[in-house]
Amino acid sequence: MASLTAKKQKAFRLPGFKLSFGFTIFYVSLLILLPLSMILLHSLQLTWGEFWTIISDPRAVASYKLTIGASLVAALINVVFGTIIAWVLVRYTFPLKSLMDGLVDLPFALPTAVAGIALTALYAPNGWIGQFFDFKIAFTPLGIMIALTFIGLPFVVRTVQPVLESFRIEEEEASASLGANRMQTIRHVIFPTLIPAILTGFTLAFARALGEYGSVVFIAGNMPMKTEITPLFIMTKLEQYDYVGATAIASVMLIGSFFFLLTMNIIQWLIQRKYTKRVGA
Amino acid sequence: MTENVLEQPHTLPKVKIDSPTSEPKWIRRSLITISVLFLSLFLLLPLVMIFMTAFQKGVDVYLASITNSEALSAIRLTFLVVLIVVPLNTLFGVLSAWLISKYHFKGKNILLTLIDLPFAVSPVIAGLIFVLLFGAQGLFGEWLLERDIFIIFALPGIILATLFVTVPFVARELIPLMQAQGQSEEEASHSLGANGFQTFMRITLPKIKWGLLYGVILCNARVIGEFGAVSVVSGHIRGLTNTMPLHIEVLYNEYQFTAAFAVASLMSLLALATIIAKNIIEWRTKEVSK
């Protein structure tokens, strides 16, 4: 069957290949490849020593630590609450459920700057929420984590939700009828199938948080060494017309997120392999 | 033995037993409470706060904040960018999805990765790369300067940076959809004498219209709201290169909170419209598949 369709495709091809191939390659080259290659081109103009001095500057290193740390905490909060929310939205009924479901998309639809000023006003020391705490939330790393949690929530919910929806109730019934209690069923039957989706959600939320700028810049306070995230550090360098420095830091960010995505893909692949092996045996 | 089994239905309802495929009531209740509290605190409260702050000094101040000349020029600029960027990326989305779903060729996976790339790049870097290309010190900087062409700190830069950031939206929506739908109907249409354009308009488009609309709506929302990339390339020239999000930033930094939240409330309305449209489309596609 497979070879048949392959043969058919060779003999018969829908029109439009030249047009769609030409346009797609042209568009991708001009809009994505050429601009992104500028980072490489401009970074290569530096010697290794100059490059290292820029990227290992204590202020830069502090910004990496803050960006990675805050993104990690936010992504982990989203993994926990996002999975619970996805579960509740798929499995239970409660009043205003469809409103809550629709609300999950808000961070995707709301401009980041709008989210930024709203969260800052809420968590500022005299804000609706900030006033109840005797420590500062906005303008500290805590505020950054809140903004990144806001931005990343839909990634986890919207990747876990469809997997739960397609989960067959028969498997849970089988597990229960074989004597497993509910906790055992959740741990050994439901949870393993959710892991790839949860990991994907974590990856997307974390990757988005690493580069996030609009929602963080207002709430962060932007104090060098303390509350300055890497995208903001790049922005500061740009405002000082330090294009070389901005490009060097940008290349660190790009390489960092590339290796993160690569690692997560390998982990996904290992999990999948382990899973199929177990089913095979 | 058989008698016992038959009797069971009569005795069962007296003792309340939790369903084996659901959780005890107290767990269900607490999970629902946690979810509703989390969503209300993190998502609903900011939304409520935007509208309350926007209107806290009355309707007159609200209307003045969104109808002054700077606000209006920001709104105009934002919609101009939408009118250019959304159709271009829609065209790209349709053509690239057609290419990837209908043909076999080498390097398809690399192409897919490239299309996805803007999702993984920080908006600030998305702006930076166009400064490196067209800015005064950029690759084409001198060439452009000699000819008095302005791209950075002008409209073309805003459009390019926004195009980059929103490239994947329509394509990402259509590629899996068109791959799943296969191409036998298109082949039948073509073999019956329809040309490529007729085949696309009459066969493919009706099958993908909801997915296409969904991608366009998501792309549109991001174009309107893009902040980081536009912030780098715009130069913040008031009344000239400030889009709506940049205008909000300017107002906020000048402590004009009511005005900032008034413009923010307009953008929140657009966001709510986006969410409603998305839900209608999802509901329609579910109805169709039933």
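The values are calculated or read from the model by the stated rules, or taken from the named source; none is laboratory data. Here the structure is a predicted model, which is why all the values come from computation and not from measurement. With ideal geometry, Cβ positions are generated from the backbone for all residues, glycine too; neighbour counts draw on all protein chains shown. Areas reflect the complete protein model, heavy atoms only, side chains present, ligands, DNA and RNA absent. Shrake-Rupley method; radii C 1.70, N 1.55, O 1.52, S 1.80 Å.
Per-residue mean of foreign Cβ neighbours for B:110-116 is 3 (Cβ atoms of other chains, 10 Å radius). Per-residue SASA remark: residue A:46, around 30 Å² accessible (1.4 Å probe; ligands, DNA and RNA not included). Computed from the Kirkwood radius of its Cα pairs, the Stokes-Einstein diffusion coefficient for chain A at 20 °C and 1.002 mPa s stands at 96 µm²/s.
When you filter the GluC sites (Glu not before Pro) in region B:205-278 for DSSP loop state and at most 16 other Cβ atoms inside 10 Å of their Cβ, you are left with B:254.
Rolling a 1.4 angstrom probe over region A:1-150 with all protein chains present gives an accessible area of which 73% lies on carbon and sulfur atoms. A simple packing score, the average count of other Cβ atoms within 10 Å per residue, orders the peptides A:260-267, A:110-117 as A:110-117, A:260-267, with the highest score first.
Label positions at residue A:168 and residue A:41, each projected 7 Å from the Cα along the C-beta direction, are separated by 5.5 nm. Using heavy atoms of the protein chains and a probe of 1.4 Å, the accessible area assigned to residue B:105 is about 40 Å². Using the rule -39500 (n - 2.57) for each DSSP H run of four or more residues, divided by the residues of chain B, the 222 nm mean residue ellipticity is -24000 deg cm²/dmol.
Here the relative contact order of region B:204-263, from alpha carbon pairs under 8 Å that lie six or more residues apart, stands at 21 percent. Considering every alpha-carbon pair of region A:34-156, the percent of pairs per 10 Å bin, from zero through the bin containing the longest distance, is 11, 27, 30, 20, 10, 3, 0.
Count, for each residue of A:18-28, the Cβ atoms from other chains sitting within 10 Å of its Cβ, then give me the mean as a whole number. Before the final figure, lay out each step's value.
Values: counts 0, 5, 12, 7, 2, 7, 11, 5, 1, 10, 9.
So the per-residue partner count for this stretch is 6.
Calculate the translational D of the protein assembly as shown in whole µm² s⁻¹ from Stokes-Einstein, where the hydrodynamic radius comes from the Kirkwood formula applied to all Cα pairs, the temperature is 20 °C and the viscosity 1.002 mPa s. Walk me through the intermediate numbers first.
Values: Rh = 26.0 Å.
Rounded, D is 83 µm²/s.
Computing FRET efficiency as 1/(1 + (r/R0)^6) for residue A:259 and residue A:186, where r is the C-beta to C-beta distance and R0 is 35 Å, gives about 0.55.
Compare B:102, A:237, B:207, A:65 by solvent-accessible area with a 1.4 Å probe and give them largest first, with all protein chains kept in place.
Working: B:102 10, A:237 30, B:207 55, A:65 145 Å².
The ordering from most to least exposed comes out as A:65, B:207, A:237, B:102.
Under the criterion of Cα pairs below 8 Å and six or more residues apart, the relative contact order for chain A equals 27 percent. Averaging Cα coordinates gives a centre for region B:199-230 and one for region B:100-143; these two points are 20 Å apart. In region A:144-188, which trypsin sites (Lys or Arg not before Pro) fall in coil by DSSP and have 13 or fewer other Cβ atoms within 10 Å? Within region A:144-188, the qualifying trypsin sites (Lys or Arg not before Pro) (loop, at most 13 other Cβ atoms within 10 Å) are A:168. For the peptide A:244-252, the mean number of other protein chain Cβ atoms found within 10 angstrom of a residue's Cβ is 3.
The alpha carbon centroids of region A:172-247 and region B:148-191 are separated by 26 Å. Look at the Cα gyration tensor of region B:178-290: its axes a ≥ b ≥ c give a/c of at least 1.5 with a/b over b/c, and that counts as prolate. The solvent-accessible area of residue B:148, taken with every protein chain present and a 1.4 Å probe, is close to 110 Å². Sorting B:99, B:117 on solvent-accessible area from highest to lowest, probe radius 1.4 Å, gives B:117, B:99.
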